1. Is the shape of region 1-100 rounded, prolate or oblate, going by the alpha carbon gyration tensor and its root eigenvalues a ≥ b ≥ c, with a/c under 1.5 for rounded and a/b larger than b/c for prolate?
2. Residues of region 4-18 with backbone nitrogen within less than 14 Å of a virtual label 7 Å along the Cα-to-Cβ line of Val32, please, listed as ranges.
3. Order these peptides, 183-196, 72-85, 1-14, by their mean beta-carbon neighbour count within 10 angstrom, highest first.
4. Please compute the modelled spin-label separation between Lys208 and Asp187, points set 7 Å along Cα→Cβ, answer in nm with one decimal.
5. Which of the DSSP-defined H helices in the chain satisfy a minimum axial length of 18 Å, computed from C-alpha atoms, and a minimum mean Kyte-Doolittle hydropathy of 0.0?
6. Would you mind checking region 111-151 for residues with the amide N under 14 Å from a putative spin-label position 7 Å along Cα→C-beta of Arg87?
7. Count of lysine pairs in the chain with Cα atoms under 27 Å apart, counting only pairs 8 or more residues apart in sequence or on different chains?
8. Can you find, among Trp85, Pro116, Ala52, the residue farthest towards the positive end of the dipole of region 2-182? Put +1 on the C-beta of Lys and Arg, -1 on that of Asp and Glu.
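Throughout, read-outs are computed from the coordinates displayed, never taken from laboratory work. This one's a predicted model, so the numbers in the text were calculated from it and none came from an experiment. As a convention, Cβ positions derive from the backbone with ideal geometry for all residues, glycine included, and neighbour counts pool all protein chains shown.
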Amino acid sequence: MQIAFLLYDGFTALDVVGPYDVLRNLPGCEPVFVAEQVGPVRNTSGSLALIADKGVDEVDEADILVVPGGFGTRVVLDHQPLLAWLRQVHEGTTWTTSVCTGALLLAAAGLLEGEPATTHWLARSTLGALGARPVPERVVQSGKIITAAGVSAGIDMALRVVELTEGPQAAKAIQLDLEYDPQPPFDAGSPEKAPASLVESVTAAFTKAEAEVKAAARIGT
């Protein structure tokens, strides 16, 4: 079972590593990290890199596709070679998945047109503008596409994939092995729960970071 994890400059690390640590337990798992070029790919902050084992030209199919989010998505939303690759691989997948703003890439590739999907709460409007139907849920399944909300929800998405592939007992065993039993120190993990002032400050920081990434991309072209 080949599981392709897409990498691109500016991805969010946990969006990849969380699902990987769940899905690697699937029987016959053959994980492959894919990018446009083989070699190290830097995350959003540039402080961490994962190694792409293969280029997109070497991987034209996968049983499971995992598309992470990150501010780097904004740079490749109209990058047709990558979007074409997503469409090609999706044709043969059993499950096509995304975490956080990875859903924006699936939508930009035309895979979520009119379909329910989720993403980071601050990117729902962008997801809707790209043709999907945003749903404020942690994990959303539409056919063989499973989208997850912000960052940490990638673990939940991967456990759902295991449940659908190997059954609930297998998913529960992996959850127990990871001791995935969230007990966050604060009840501020969603905009519905967090204080309005905190929502405003996080929104402002998100908007600023997004603008900086877009500006840097324009400068680099």
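1. It comes out oblate by the Cα gyration axes.
2. Residues 4-7 qualify, since their backbone N sits under 14 Å from the label point.
3. Listed from highest to lowest mean packing, they are 1-14, 72-85, 183-196.
4. Rounded to a tenth, the inter-label distance reads 3.0 nm.
5. Working: long enough: 80-92 (19 Å, -0.28); 153-166 (20 Å, 0.71); 196-220 (36 Å, 0.48).
The qualifying helices are 153-166, 196-220.
6. Residues 111-113 qualify, since their backbone N sits under 14 Å from the label point.
7. The result is 4.
8. Farthest towards the positive pole: Pro116.
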